[in-house]
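These notes are about the structure you will find just below.
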Amino acid sequence: MLGEGTMWSPREQSLYWVDILGRTLYRYHLDSGAQARWQFDEEISAVAERTSAPGLIVTLRSGFAYFDPATGAVERLHNPEPERTGNRFNDGKCDAQGRFWGGTMDFGATHPTGALYRYEAGGRCERMDDGYVVTNGPTWSADGRTMYFNDTVHQQVNAFDLDPATGTLSNKRPWLKLAPGEGYPDGMTTDAAGRLWICHWGGACVTCHDPVTGEELARVELPTAHITNVAFGGPDFRTLFITSAQYELSADQLAAQPLAGSLFAVEVDSPGQAPHRFAG
């Protein structure tokens, strides 16, 4: 229904991704084709590998948790907004220092109750920005000193200055505004050259952008409208794994887009980079 949360595991040579509304985590081993899935009792939206132990850190509707695919064990860590009962977590990933950045959103995508959180290995969680209807991203510049984060309903990618040592954000500014008809910025990632690859919800594509000017450098067209998340993977990080969604498509649209909700793999010339692991 709502594919998201793509994350390539170099140590397992596998791709993880989720169906948020299906409350399911998936894993696909590239060489063997072996697949696995795990069902949760609430929505799961983003995943990252851990440094200090096997398994993953994940965002569930109610907050951060550890999950061990080997045993199925869930260890709940922190719910940063128990008072915002209409919210759920959405996109998220780790920075180079192993801090997990995750955003929340209004489940109905109507009210500006979403926020951006930074969760650290010691258990400290801080609300870093607020007032979003739908959050997506983040991703970072090649030097780690700029963080990009999506204000999806306003079709805008914002940029922040980031202090790598402290995780402090400053100088929030608009970086890219999608044109009418181009859809809404959803999940995104950065390649080895520092270029941003951005999914377009309602735009049927992933676009590649210059990290300074925002200029579009390349475009990957997909056969369905709602493109949700993207990650580089494969042994040489030259495969773009891309999720999509059936959610909010009419019966006629679904008939015209039979691959809606599929996971796509696209080979590209420019390699990506390994995802950062959570420091805990």
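The single residue among Leu217, Leu240 that is closer than 15 Å to Thr139 by Cβ, free of Cβ contacts under 8 Å to residues at least 60 places away in the same chain, part of a strand (DSSP E or B) and among the aliphatic types (A, V, I, L, M) turns out to be Leu240. Of the candidates Gly131, Gly137, Gly122, the single residue that is assigned to a strand (DSSP E or B) and either closer than 20 Å to Glu49 by Cβ or of a type in the set (D, E, K, R) (or both) is Gly137.
Screening Pro174 on (1) farther than 30 Å from Cys125 by Cα; (2) of a type outside the set (Ser, Thr, Tyr); (3) at pLDDT 95 or above; (4) surrounded by fewer than 18 Cβ atoms within 10 Å (Cβ to Cβ) shows it passes everything except condition (1).
Among the residues making up segment 134-178, those that are of a type in the set (A, V, I, L, M) and over 12 Å from Ile198 (Cα atoms) are Val134, Ala142, Met147, Val153, Ala159, Leu162, Ala165, Leu169.
Remark: pairs (first residue in segment 243-270, farther than 10 Å from Ala225 by Cα; second residue surrounded by 12 or more Cβ atoms within 10 Å (Cβ to Cβ) and of a type in the set (Asp, Glu); Cβ separation under 7 Å; 6+ apart in sequence or on different chains) = Thr243/Glu4; Ser270/Asp191.
So is Gly144 under 18 Å from the mean Cα position of the chain (by Cα) and surrounded by fewer than 19 Cβ atoms within 10 Å (Cβ to Cβ) or not? Yes: the conditions hold for Gly144. One residue stands out in segment 84-129 among those that are within 17 Å of Phe149 (Cα to Cα) and touching a His at 6+ places or on another chain (Cβ under 8 Å): the one that is surrounded by the fewest Cβ atoms within 10 Å (Cβ to Cβ), namely Ala96.
Taking only segment 1-59 into account, find how many residues are acidic (Asp, Glu), in a loop (DSSP other than H, G, I, E, B) and more than 29 Å from Gln257 (Cβ to Cβ).
Taking segment 1-59 and keeping what is acidic (Asp, Glu), we get 4, 12, 19, 31, 41-43, 49.
Applying the additional criterion that residues be in a loop (DSSP other than H, G, I, E, B) yields 12, 31, 41-43.
With the extra rule that they be more than 29 Å from Gln257 (Cβ to Cβ), the set shrinks to 12, 31, 41.
Within segment 1-59, residues that are acidic (Asp, Glu), in a loop (DSSP other than H, G, I, E, B) and more than 29 Å from Gln257 (Cβ to Cβ) number 3.
Selection of segment 60-86 for residues being within 19 Å of the chain's Cα centre (by Cα), modelled with pLDDT of 95 or more and small (Gly, Ala, Ser) yields Gly63, Ala65.
Picking from Glu49, Glu42, which residue would you name as being in contact (Cβ under 8 Å) with a residue 60 or more places away in the chain, touching a Ser or Thr at 6+ places or on another chain (Cβ under 9 Å) and of a type in the set (Asp, Glu)? Spell out how you get there, then give the answer.
Working: Glu42 fails: in contact (Cβ under 8 Å) with a residue 60 or more places away in the chain.
Among Glu49, Glu42, only Glu49 is in contact (Cβ under 8 Å) with a residue 60 or more places away in the chain, touching a Ser or Thr at 6+ places or on another chain (Cβ under 9 Å) and of a type in the set (Asp, Glu).
Residues of segment 189-204 that are within 16 Å of Gln155 (Cβ to Cβ) and either touching a residue at least 40 places away in the same chain (Cβ under 8 Å) or within 16 Å of the chain's Cα centre (by Cα) (or both): Leu196, Ile198, Cys199, His200, Trp201. Is it the case that segment 4-16 has a residue that's touching a Phe, Trp or Tyr at 6+ places or on another chain (Cβ under 7 Å) and among the β-branched types (Val, Ile, Thr)? Looking through segment 4-16, at least one residue is touching a Phe, Trp or Tyr at 6+ places or on another chain (Cβ under 7 Å) and among the β-branched types (Val, Ile, Thr).
The values are calculated or read from the model by the stated rules, or taken from the named source; none is laboratory data. Worth saying up front: this structure is predicted, and the values here are computed from it rather than measured. Note: ideal-geometry Cβ built from the backbone for every residue, glycine included; neighbour counts use all protein chains shown.
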